[in-house]
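See structure below.
The values are calculated or read from the model by the stated rules, or taken from the named source; none is laboratory data. What you are looking at is a predicted structure, and each value in this text was computed from that prediction instead of being measured. Cβ: placed from backbone, ideal geometry, glycine included. Neighbour counts: every protein chain shown.
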Amino acid sequence: MRNIDLALIGFGNVSRRLASLLEERAARLESEYRITCRIAATATRTHGAAYDGSPCADVFEVIGRLAQSHADLRIVVETTTLDVSRGEPATSHVRAAIDAGCHVVTANKGPVAFAYDALRDAAARKGVRFLFEGAVMDGVPIFNLVRETLPTVRIMGFEGVINTTTNHIITAMEAGESFDDALARMQASGIAEADPSLDVDGWDAAAKTAALANVLIGARITPHDVRRRGLDANTGGAARAALAGGRRLKLVASARQDPSGTLACVVEPRELPADHLLAGLAGNANALILETDLLERIAICQLASSLTQTAYALLADIVTIARGQASGSHTPRQ
């Protein structure tokens with residue numbers, strides 16, 4: 001049996017669901033993967049930091065104490081609120097954890113969207129893992145899919161509906177519901193960002209686009225390099241007009257390279273033909289279409305989205321780290 005000590009940096013909706021999921025899946029984790037997980041520490045902006053019940057000065061003291069744990073594996077779980085201006089403080093939390101010799105899993109898009117190359121290389125030097133499956137499309141294994149199942153395949157570009165909140169709002173407005181009511185439902189479910197303008201203005205999708213481009217295409221961009229246009233006062237009317245004309249309006253994120261190799265990344269509302277895969281995504285559904293050199297176009301869809309899906313992505317990354325350590329494979333390909 002391998003013992004895992006976890007430090008939860010940020011203890012909002014997703015982290016709390018992870019905590020309950022660890023309890024729900026404890027027996028399977030022990031029987032199938034021979035691991036036990038213990039939440040050794042938490043750190044939040046509003047309630048402070050503690051390790052084994054003892055107060056800590058800040059997040060960095062928590063990380064330092066976790067690094068001295070005698071557990072078989074020490075993993076920092078970073079789920080603080082997205083900062084779309086610089087990716088902080090999440091990036092500093094991830095860097096500090098790696099420097100201390102701890103593995104990191106995160107559902108925060110900031111570190112991948114702003115500092116992926118540097119953090120990946122730092123983790124490789126330290127022999128630890130930096131995983132972030134929950135940063136894009138919740139529990140759908142986009143990064144794992146490419147890393148583990150598409151050897152030698154080159155990702156040329158992508159397009160997708162990757163923000164659940166805006167897709168739900170657009171679908172609701174097609175049916176005549178108000179923008180405010182649809183957004184309130186996403187906030188009540190815990191799916192909308194803490195600052196809903198990040199969803200509505202397209203910043204969340206831009207951060208995800210930057211993360212996907214950095215990891216899958218080898219770009220070195222930030223969300224500020226993504227051309228972005230979100231929802232506005234005209235979106236409801238535009239969505240209903242598109243539907244009346246046999247088309248669907250979606251907030252589409254895309255990345256494409258022109259013949260010169262220049263990468264264009266865009267987030268914008270776009271009318272799609274009714275038979276387009278993305279046009280059929282209703283409510284909380286989302287999907288990503290990968291454009292590849294060998295397998296042409298590959299699509300992966302998620303027909304529902306909730307806190308459980310995002311928390312599961314964190315759990316899956318924890319299991320991935322444990323399995324890699326058990327097999328002696330320490331160096332990630334992503």
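Quick look at the numbers
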read-out	value
Qualifying residue in region 254-261 (condition: touching a residue at least 60 places away in the same chain (Cβ under 8 Å), buried (at least 22 other Cβ atoms within 10 Å of the Cβ) and among the charged types (D, E, K, R))	no
Residue within region 226-236 that is under 21 Å from residue 153 (Cβ atoms) and out of contact with any helix residue (DSSP H, G or I) (no Cβ under 8 Å at 6 or more places or on another chain) present	no
Output for region 157-182, where each listed residue is of a type in the set (A, V, I, L, M) and surrounded by fewer than 16 Cβ atoms within 10 Å (Cβ to Cβ)	175
Selection status of residue 205, closer than 21 Å to residue 302 by Cβ, of a type outside the set (Lys, Arg) and touching a Ser or Thr at 6+ places or on another chain (Cβ under 9 Å)	yes
Residue within region 183-190 that is under 21 Å from residue 305 (Cβ atoms), at pLDDT below 95 and either in the same structural domain as residue 108 (by TED's automatic domain parsing) or crowded, with 19+ Cβ neighbours inside 10 Å (or both) present	yes
Helices (runs of 4 or more DSSP H) fully within region 146-203 counting 2 or more residues that are within 20 Å of the chain's Cα centre (by Cα) and among the charged types (D, E, K, R)	none
Count - residues of region 44-87 that are out of contact with any Gly (no Cβ under 7 Å at 6 or more places or on another chain) and without any contact (Cβ under 8 Å) to a residue 24 or more places away in the chain	14
Residue match in region 208-229 (condition: assigned by TED's automatic domain parsing to the domain that holds residue 167, of a type in the set (Lys, Arg), out of contact with any strand residue (DSSP E or B) (no Cβ under 6 Å at 6 or more places or on another chain) and crowded, with 19+ Cβ neighbours inside 10 Å)	yes
Restricting region 17-56 to residues that are surrounded by fewer than 17 Cβ atoms within 10 Å (Cβ to Cβ) and among the basic types (Lys, Arg), the residue that is nearest to residue 194 (Cα to Cα)	45
When residues of region 120-145 are limited to those that are hydrophobic (A, V, I, L, M, F, W, C) and surrounded by fewer than 21 Cβ atoms within 10 Å (Cβ to Cβ), the one nearest to residue 322 (Cα to Cα)	124
Residues satisfying the stated conditions in region 279-321, i.e. of a type outside the set (D, E, K, R), within 19 Å of residue 15 (Cα to Cα) and at pLDDT 95 or above	311, 312, 313, 314, 315, 316, 318, 319, 320, 321
Filter result for residue 105 (of a type in the set (A, V, I, L, M) and within 19 Å of the chain's Cα centre (by Cα))	yes
Test: residue 328 is in contact with a His (Cβ under 7 Å, 6 or more places away or on another chain), at pLDDT below 95, of a type outside the set (A, V, I, L, M, F, W, C) and under 30 Å from residue 71 (Cβ atoms)	no
